[in-house]
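Data first, discussion second: the structure below is written as C-alpha cells.
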Amino acid sequence: MTRNTAKGVAEADLNEAREAIYLSPEDLVMLAERVNPHYSLFIRFLAGTGLRYSEATALRRRDITLRDGRAAVRVERAWKSVGQGEEIGPPKTKKARRTVTCNVALSAELAEHLKPLRPDDFAFQRPDGDYVRNSRFHKEVWQPLMARLLEDGSLDRKPWIHEIRHAHTIHLLDAGVPVHVVQARLGHEDPQTTLRVYARLSKASDAAAADALG
C-alpha cells in the first residue's frame, strides 16, 4: 500500500470512552410506549428477558413454549455479520445456549402475539414480514425514537439498544436475584462480566452505601 486508506475518513477519537447509560424501569416502560407500536412488544421482550438483540431477532415461533401461563424462550441461534450481510449461526458463547423464562404479564402478551405464527416464522418481524434487520431497525425505528425523546426532554442522552440488556442485569441484581442466576439468564460465560455491568451502572448500590453511613 502506498498510502493510508483510512486517512480523512473520520477524525481520531481523542475523548474518553463513551459513558454507559443507565435505564430505569420507568425509562423502559417509556421506550415501549413511545416506540412505533408495531415494536412495542419487542422492546418489552428485550427488557423482560435480557436477550441480545441478535438473539431475539433470530427467534422462531418454535423456540417459545407456553405452559402454565409462562413462556419459556430457548436461545439456540443468533444473527452474525458476514461480509456486507447477516446470517444466522450459533449464539455468542457456549453458555449463551439457554432457556429464559418470562414473567406472567409478558407471557400473556407473547401468547397472543404468537397465535397466528407458524413454527418456522420469526417471532418478531417487520410490518412487511421480513426479520427485524439490525441496520433497518436502527435507521427506521430506534434513531427516530431517540430523536423524539431527546427533543422533548424525555431523555438527556441517547442509549444504545444493547443498554436495555444492561438494564435487565442491573434491575435483577438490585432486586436481590443471585449473581449466578442472572449470569445464567444472560448467557454470560463468566460471572465477572455480569458484575462489571452492575458495578458500572447500578444506582441503587451507591445509594445504599451512602445510607449505610447515616
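The values are calculated or read from the model by the stated rules, or taken from the named source; none is laboratory data. Quick caveat, the model's predicted, so the values are computed rather than measured. Note: ideal-geometry Cβ built from the backbone for every residue, glycine included; neighbour counts use all protein chains shown. When the accessible area is computed, the model is the full protein with side chains, heavy atoms only, and any ligands, DNA or RNA have been set aside. Shrake-Rupley method; radii C 1.70, N 1.55, O 1.52, S 1.80 Å.
Peptides 158-170, 186-198 ranked from most to least packed, by the mean per-residue count of other Cβ atoms within 10 Å: 158-170, 186-198. Each Lys and Arg contributes +1 and each Asp and Glu -1, all at the Cβ; summed about the Cα centre of the chain, the dipole is approximately 900 debye.
Would you mind working out the accessible area per residue for the range 68-131, using a 1.4 Å probe, and quoting it in Å²?
Details: 3810 Å² over 64 residues.
In whole numbers, the range 68-131 has 59 Å² accessible per residue.
Over the chain, what relative contact order in percent results from Cα pairs under 8 Å that are six or more residues apart?
Details: 256 pairs, mean separation 52.0, N = 214.
Averaging sequence separation for qualifying contacts and normalising by length gives 24 percent for the chain.
Could you tell me which of rounded, prolate or oblate describes the range 109-199, using a ≥ b ≥ c as the square roots of the eigenvalues of the alpha-carbon gyration tensor, with rounded for a/c under 1.5 and, failing that, prolate when a/b is larger than b/c and oblate otherwise? Oblate shape, in that a/c is at least 1.5 and b/c is the bigger or equal ratio. Computed over the alpha-carbon atoms, the chain gives an Rg to Rh ratio of 0.99, Rh here being the Kirkwood radius from the mean inverse distance.
How much of the accessible area of the range 77-214, probe 1.4 Å, is carbon plus sulfur, in whole percent? Write down the numbers at each step before the final one.
Values: 4300 of 7940 Å².
C and S fraction of accessible area: 54 percent.
In the chain, the calculated helix contribution to ellipticity at 222 nm averages -11500 deg cm²/dmol per residue, counting -39,500 (n - 2.57) for every DSSP H run with n ≥ 4.
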